[in-house]
Amino acid sequence: MNASAALVTRGVNEVQRLAINLGARSSTLTGLSGVGDTFGTCFGPLSRNRTLGMRLGRGETVEEILASMAEVAEGYATTFSLVEMIEKLPRAHRAERTFPIIYNVKCILDGSCTPQEGVRRLMDTKGRVELWNL
Ligand SMILES: NC(=O)C1=CN([C@@H]2O[C@H](COP(=O)(O)OP(=O)(O)OC[C@H]3O[C@@H](n4cnc5c(N)ncnc54)[C@H](O)[C@@H]3O)[C@@H](O)[C@H]2O)C=CC1
Ligand SMILES: O=C(CO)COP(=O)(O)O
């Protein structure tokens, strides 16, 4: 549970950081449209995005999962859109260090790493001050 809490909290932080860079108010991301939405999708047993992630973690491929889902897991396409947006930001050369969760999710979804490798890389990330760039 602690690892999940850390991942979700740091995930919100990355989305917040991107949104602020694009002109959003930070309070928008700490309200229902940010933290609230993230809780629903990460912890709701019926969540489409959570279902995609759980099935990936159990060893199915992205292709198998997407082909067998009747619904759309929005997070799949959104991950690639987020990376495109990040790479247009100033200091994009530091992007993988600044947005490690988004980049690791992309790596898992595009098949360049396994879920286990993605999680291992996140766990090996050097610690730093939590709110260093907000
Ligand atoms: N329900 C929620 O808590 C949240 C939903 N969203 C996003 O909002 C959107 C709608 O969510 P819901 O209303 O819950 O979903 P829903 O499953 O109730 O409705 C989605 C609708 O899109 C249609 N659809 C799916 N693929 C399509 C395609 N290729 N072309 C045309 N129509 C297509 C489906 O037939 C369905 O009527 C989704 O992108 C979802 O990820 C975002 C945040 C929260
Ligand atoms: O898209 C959503 C969160 O942004 C909500 O959809 P799910 O909760 O079904 O994953």
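Can you find, within the range 43-82, the residue that is farthest from ligand 1 (Cβ to nearest atom) among those that are crowded, with 17+ Cβ neighbours inside 10 Å and among the hydrophobic types (A, V, I, L, M, F, W, C)?
L56
Among (1) surrounded by 11 or more Cβ atoms within 10 Å (Cβ to Cβ); (2) aliphatic (A, V, I, L, M); (3) modelled with pLDDT of 95 or more, there is one condition L7 misses while meeting the rest; what is its number?
Every listed condition holds for L7 apart from (3).
Give me the helices (runs of 4 or more DSSP H) completely within the range 32-134, filtered to those with at least 1 residues that are within 20 Å of V8 (Cβ to Cβ), ordered by residue number.
Result: 37-43, 48-57, 74-86, 95-98, 100-109, 115-123.
Of the conditions (1) within 13 Å of ligand 2 (Cβ to nearest atom); (2) among the hydroxyl-bearing types (S, T, Y); (3) exposed (fewer than 11 other Cβ atoms within 10 Å of the Cβ), S33 fails just one. Which one is it?
(3)
The values are calculated or read from the model by the stated rules, or taken from the named source; none is laboratory data. The structure presented is a predicted model; accordingly, all values stated were derived computationally and were not measured. For neighbour counting, all protein chains shown are included, and Cβ atoms are generated from backbone atoms with ideal geometry for every residue, glycine included.
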